[in-house]
1. Taking only the range 71-102 into account, find how many residues are of a type in the set (A, V, I, L, M, F, W, C) and under 21 Å from the mean Cα position of the chain (by Cα).
2. Looking at the range 97-104, can you tell me whether even one residue there is at pLDDT 95 or above, out of contact with any His (no Cβ under 8 Å at 6 or more places or on another chain) and not in a loop (DSSP other than H, G, I, E, B)?
3. Can you confirm whether Pro227 is more than 19 Å from the chain's Cα centre (by Cα), open to solvent by 10 Å² or more (accessible area, probe 1.4 Å) and under 22 Å from Leu179 (Cα atoms)?
4. Search the range 25-41 for residues being out of contact with any strand residue (DSSP E or B) (no Cβ under 8 Å at 6 or more places or on another chain) and of a type in the set (A, V, I, L, M, F, W, C), and hand back the single one that is most open to solvent (accessible area, probe 1.4 Å).
5. Which condition from (1) open to solvent by 40 Å² or more (accessible area, probe 1.4 Å); (2) not in a helix (DSSP H, G or I) is the one that Arg134 breaks?
6. Which residue pairs have Cβ atoms closer than 7 Å, lie 6 or more positions apart in sequence or on different chains, and pair a first residue in the range 93-112 that is open to solvent by less than 10 Å² (accessible area, probe 1.4 Å) with a second residue that is among the aliphatic types (A, V, I, L, M) and part of a loop (DSSP other than H, G, I, E, B)?
7. Taking the range 340-360 on its own, how many of its residues are more than 24 Å from Ser237 (Cβ to Cβ), open to solvent by 30 Å² or more (accessible area, probe 1.4 Å) and part of a helix (DSSP H, G or I)?
8. Identify, from the list Ala275, Ala226, the residue that is aliphatic (A, V, I, L, M) and either in contact (Cβ under 8 Å) with a residue 24 or more places away in the chain or touching a Ser or Thr at 6+ places or on another chain (Cβ under 9 Å) (or both).
Amino acid sequence: MHPQGPAHLFPNLSTRIKQCARDAGFDLCGVAPVHDFAELEVFPAWIADGKHGEMKYMEARDEAGELKRASLARVAPWAHSVIVCAINYNTKRPYSTQTVDASRGWISRYAWAREDYHDAVLRRLRQLENELRRPLDATGDSLQFRSYVDTGPLIERVYAKYAGIGWIGKNTCIINQQLGSWLFLGVILASLDFTKDELTADLPAPDRCGSCTRCIAACPTQAIVAPGELDARLCISYLTIEKRGEIPDHLRSGMGRHVFGCDICQDVCPWNRKAPVTSASEFEAREGLVNPTLDWLAEMQQEEFRAVFRGSPVRRAKLSGLRRNAVIAMGNSGDKKFVPTLKKLCEDPDLVVAEHARWAVARLSQGSASP
């Protein structure tokens, strides 16, 4: 890189990056320096306490045995800045807290999309990369870029904060004052150097959560153990997506009707009351995925699962996990119309589904329902 940095050759580079990001379809973009921010210091203790549950990828370590996500500077020493992009995925559909039919399941808002957000965001990041390479490569400088969507060796929300995208809410989501928290994040690690003055406009946004604790109070499983601290092992999103096998008995009732992910802490956030609707057509809801019928999901077979959820992040839960979740939701529904189906599922070849079906039958027989 030129000794005076990219600003010597392109004095408005940060502005150009943001414009190219908008051209690629992103709603927000900012640049943060690679730095061991204070927010990263708690990550090793969080892992040591096991609060990441079974998400082993969070434990990835470098050759020195250090956690990769704890220090980007150590893992990617060539990277000097992180370009953070965000795109709104909110749709014009009711929130989970506004639809209370317990006989239907809830799939998280982000998973309604017609295209997996990983692909949609990465495609835009690649376009931004290409736009940045053209003028910079012409200088003869050797540049490196590497794009990630949820897969990089960094904690995206921390860099999003220091790129000016928004503040980290008490529910650990990035919140933007204008757009709310329905945001997909994508990052580009870059070998570009920026001076402090070049990044002045991207200072962290002020934390505007104030004294509000609605997200903490609304969480059915008390997964937000402290402001900005999540115990994934208690989180409904983790339980319905990442957790394999049996769900601990004491957490099942708190899962309510959620079959993939959870939006409650975002649904109750005041900053999402007037959140705008996305302009990206691929994030519009697929038919049938908003409030799907539980018995349909519980009895779904592999071929239908592949067809219905082709290109969807719901595939991450796998068929067994989705059926297990639907069975739990049926047990929480308080609706005894599900009893015949559940009794049949008690003999299901999938032993995990069968065990949860027996629990659901017992729960319905007691006249219990989800809070």
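The values are calculated or read from the model by the stated rules, or taken from the named source; none is laboratory data. Keep in mind that this is a model prediction, so the values were computed, not measured. Cβ: placed from backbone, ideal geometry, glycine included. Neighbour counts: every protein chain shown. Just the protein is used for accessible areas: all its heavy atoms, side chains included, with ligands, DNA and RNA removed. Shrake-Rupley method; radii C 1.70, N 1.55, O 1.52, S 1.80 Å.
1. Here is the first cut: in the range 71-102, the residues of a type in the set (A, V, I, L, M, F, W, C) are 72-73, 75-76, 78-79, 82-87, 100, 102.
When the remaining residues are screened for being under 21 Å from the mean Cα position of the chain (by Cα), the result is 72, 82-87.
So the count comes out to 7.
2. So in the range 97-104, the residues at pLDDT 95 or above come out as 104.
Filter once more, so that each one left must be out of contact with any His (no Cβ under 8 Å at 6 or more places or on another chain): 104.
If we keep only those that are not in a loop (DSSP other than H, G, I, E, B) too, we end up with 104.
Yes, that holds for at least one residue.
3. Numbers: more than 19 Å from the chain's Cα centre (by Cα): no; open to solvent by 10 Å² or more (accessible area, probe 1.4 Å): yes; under 22 Å from Leu179 (Cα atoms): yes.
It is false that Pro227 is more than 19 Å from the chain's Cα centre (by Cα), open to solvent by 10 Å² or more (accessible area, probe 1.4 Å) and under 22 Å from Leu179 (Cα atoms).
4. First, the residues of the range 25-41 that are out of contact with any strand residue (DSSP E or B) (no Cβ under 8 Å at 6 or more places or on another chain): 35-38, 40-41.
Still in the list and also of a type in the set (A, V, I, L, M, F, W, C): 37-38, 40.
Working: Phe37: 16, Ala38: 65, Leu40: 7 Å².
Looking at the filtered set, the residue picked out is Ala38.
5. Every condition holds for Arg134 apart from (2).
6. Short answer, once both residue conditions are applied: Ile107/Leu289; Trp112/Ala285; Trp112/Leu289; Trp112/Val290.
7. 5
8. Numbers: Ala226 fails: either in contact (Cβ under 8 Å) with a residue 24 or more places away in the chain or touching a Ser or Thr at 6+ places or on another chain (Cβ under 9 Å) (or both).
The conditions single out Ala275.
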